[in-house]
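What follows draws every value from the coordinates through simple rules; no lab data is involved. From a predicted model like this one, the values you see are computed outputs, not experimental measurements. A quick note on method: Cβ atoms are made from the backbone with ideal geometry, for glycine too, and the neighbour counts reach across all protein chains shown.
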Amino acid sequence: MSQHPPRTAYRAKLLTFAGDPATKAGGACFEEDGLLIVEGERVLAAGSYASLRSQLTPDTAVVERPGKLIAPGFIDTHVHYPQTEMIASPAAGLLPWLDTYTFPTERGFADPAHATSVADFFLDQLVACGTTTALVYCTVHMGSADALFQASEARNLRMVAGKVLMDRNCPEFLRDTAQSGYDDSAALIERWHKRGRQLYALTPRFAPTSTPEQLEACGALARLHPDVFIQSHVSENTDEVKWVAELFPGHRSYLGVYEHYGLLRRRAVYGHCIYLDDHDRARMAETGAVASHCPTSNLFLGSGLFDFDKAGASGMPVALGTDVGGGTSFSMLQTMNEAHKVARMTGHHLTAARMFWLATAGAAQALGLDDTIGTLRAGAEADFIVLDPEATPLLARRTALAQSPEEWLFAFAMLGDDRAVLETYAAGKRVHRRA
Ligand code: GUN
Ligand code: ZN
């Protein structure tokens with residue numbers, strides 16, 4: 001009888017990281033003939049086949065994936081599951097888009113059966129795109145968070161999610177109150193935070209839809225639960241920034257409003273961060289709050305261009321998000337594609353190594369989950385994907401001509417989408433295989 005949980009080994013090319021490729025010490029580590037050994041839900045070892053083959057016990061099944069790439073599962077740091085079905089809804093910018101499409105759509109999540117149906121479809125889409133962890137906005141309804149967490153738990157995915165807090169400047173049917181939002185969030189933390197792989201995020205939608213009393217109450221909950229996540233939007237759109245200045249006079253900046261209420265800290269993740277100034281970026285860096293860059297959404301809604309040079313100079317943590325339904329794809333490969341182009345518009349060259357880092361290990365580090373996900377290091381949870389360089393005829397031709405791992409990975413980022421994801425594994429179990 002074996003003394004350990006079942007072991008499976010996967011032989012393919014491997015992608016891991018020594019640290020942020022934008023830094024001297026960092027970089028991507030590419031193993032041409034690699035082996036990933038999984039024991040139960042965790043990684044036992046990863047490295048070259050030559051160095052690990054002696055560790056293959058007779059009871060270890062070996063899955064051969066010649067020519068394919070194993071990478072950590074993608075981490076999407078900003079996405080709205082209730083907006084799945086309203087993706088690709090055009091509007092003249094963020095605020096009209098919220099009024100015309102978003103709020104009416106989110107009303108439907110008062111119905112738990114509808115919430116469950118969309119949550120299931122949403123998670124299927126995520127794993128089909130190779131995303132194994134996401135920071136997910138639910139709606140104002142408590143049941144919308146229960147539905148998402150239940151669907152995630154059933155797949156044993158590591159998800160971070162929260163009920164939206166919103167007590168003004170939205171339709172009456174979507175409002176909570178400072179007190180009910182506090183009570184519901186506290187109950188959801190109790191029910192879901194660290195239950196299996198689930199983690200909770202306090203989710204004030206954005207400053208305009210919360211009263212000062214609600215932000216105060218959210219800050220109080222954040223202080224009570226220092227390891228709970230916080231997620232919101234900041235400085236996405238010029239009309240929004242003006243509106244916040246009117247609603248919250250006397251604050252140094254939009255980000256300053258969140259700081260005032262105790263919502264800037266590690267594990268606080270802010271979507272967009274386009275119109276921050278240098279002082280704001282410095283405060284993000286000092287507090288460890290994370291900027292989630294959402295390029296497909298920023299282009300689709302005409303919000304603006306994220307500045308990678310200024311973000312890098314400030315030292316603030318950065319990760320990538322799809323922001324569906326403002327975003328136009330669940331694929332982190334498509335998100336890399338547009339991140340690259342947005343960076344180019346500000347004269348910044350975003351390498352493939354860095355884009356894959358931002359979508360995996362870099363995100364995990366920014367979220368304080370780097371021992372757990374986003375890595376193939378021994379002991380980590382075995383969330384990984386198998387990418388296919390021949391997924392489409394064009395990708396096959398381009399990858400065949402790549403002169404370096406960087407060029408090869410770059411082709412995935414520019415040409416890839418869900419078709420490039422052959423398989424997705426969560427906690428050692430396969431949760432998707434391409435049809
Ligand atoms: N700001 C407030 N709510 C939202 C939302 O749902 N999507 C985006 N992109 N921005 C927001
Ligand atoms: Zn968003």
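Some notes on this structure:
- Counting every alpha-carbon pair across the stretch 1-87, the share separated by more than 20 Å comes to 48%.
- Tensor-based shape of the stretch 270-366 (alpha-carbon gyration tensor, a/c under 1.5 rounded, otherwise prolate or oblate): rounded
- Projecting the Cα atoms of 187, 293, 63 onto the charge dipole of the chain, computed from C-beta unit charges around the Cα centre, puts 63 farthest toward the positive end.
- Our coupling estimate for the stretch 232-243, obtained by passing each phi through the Karplus curve with A = 6.51, B = -1.76, C = 1.60 and θ = phi - 60°, is 7, 10, 8, 6, 9, 8, 5, 5, 5, 4, 4, 4 Hz, Gly and Pro reported as x.
- Shown is the FRET efficiency for residue 238 and residue 400, computed with R0 = 51 Å from the Cβ-Cβ distance and rounded to the nearest 0.05: 0.70.
- Charge dipole (debye, nearest 20) of the chain; +1 at Cβ of Lys and Arg, -1 at Cβ of Asp and Glu: 960 debye
- Amide H contacts under 5 Å for residue 170, placed H, 5+ residues apart: none
- For the stretch 1-61 and the stretch 75-137, distance of Cα centres in Å: 34 Å
- Gain on full extension, evaluated as 0.36 nm per residue between residue 24 and residue 390 minus their Cα-Cα distance, stands at 128.5 nm.
- When only the Cβ of Lys, Arg, Asp and Glu is charged (+1, +1, -1, -1), the dipole of the stretch 204-258 relative to its Cα centre reaches about 120 debye.
- Kirkwood Rh, angstrom, the stretch 364-435 [1 / mean 1/r, Cα pairs]: 13.6 Å
- Cβ-based exposure ranking for 340, 432, in which fewest neighbours within 10 Å come first: 340, 432
- Taking 0.36 nm per residue of sequence separation and removing the Cα-Cα distance, the residue 346/residue 53 pair yields an extension gain of 100.9 nm.
- What you get for the stretch 1-125, charging only the Cβ of Lys and Arg (+1) and of Asp and Glu (-1), is a dipole of about 520 debye around the Cα centre.
- Positive-end residue of 144, 262, 79, charge dipole of the chain with Cβ unit charges: 79
- GNM flexibility winner over the chain from 322, 100, 296 (Cα, springs under 10 Å): 100
- Helical mean residue ellipticity (222 nm; -39500 (n - 2.57) per DSSP H run of 4+; nearest 500) of the chain: -10500 deg cm²/dmol
- A simple spin-label model places pseudo-atoms 7 Å from Cα toward Cβ; at residue 434 and residue 183 they are separated by 5.0 nm.
- Checking the cross-link pairs 24/194; 68/341; 341/429; 24/429; 13/341; 242/341 against a 32 Å limit on the alpha carbon distance flags 24/194; 341/429; 24/429 as lying beyond it.
- Residue with peak Gaussian network fluctuation, the chain [Cα springs, cutoff 10 Å], from 385, 373, 274: 274
- Ordering 117, 393, 10 by the projection of their Cα atoms onto the charge dipole of the chain, which places +1 on the Cβ of Lys and Arg and -1 on the Cβ of Asp and Glu, puts 10 at the extreme positive end.
- Stretching the chain fully between residue 153 and residue 173 yields a gain of 4.3 nm (0.36 nm per residue, less the alpha carbon separation).
- Principal semi-axes of the equivalent ellipsoid, √(5λ) from the alpha carbon gyration tensor of the chain, are 35, 24, 20 Å from largest down.
- Here the average projected area of the convex hull drawn through the C-alpha atoms of the stretch 223-265 stands at 3.3 nm².
- Rounded to 10°, Cα long-axis angle of helix 178-192 versus longest principal axis of the chain: 20 degrees
- The DSSP beta bridges internal to the chain are antiparallel in roughly 50% of cases.
- Normalised contact order of the chain, rounded percent, pairs of Cα under 8 Å and 6 or more residues apart: 19 percent
- Inter-part distance, the stretch 176-205 to the stretch 397-435, computed on C-alpha centroids, equals 35 Å.
- Prolate/oblate/rounded call for the stretch 13-58, Cα gyration tensor, a/c under 1.5 rounded: prolate
- Applying the Karplus relation 6.51 cos²θ - 1.76 cosθ + 1.60 with θ = phi - 60° to the stretch 373-387 yields 3J(HN,Hα) values of 9, x, 8, 9, 5, 4, x, 6, 5, 7, 9, 8, 10, 10, 9 Hz, where x marks Gly and Pro.
- Proportion of all alpha-carbon pairs of the stretch 303-413 beyond 17 Å (%): 62 percent
- GNM result for the chain, Cα springs below 10 Å: residue of 200, 137, 49 fluctuating most strongly: 49
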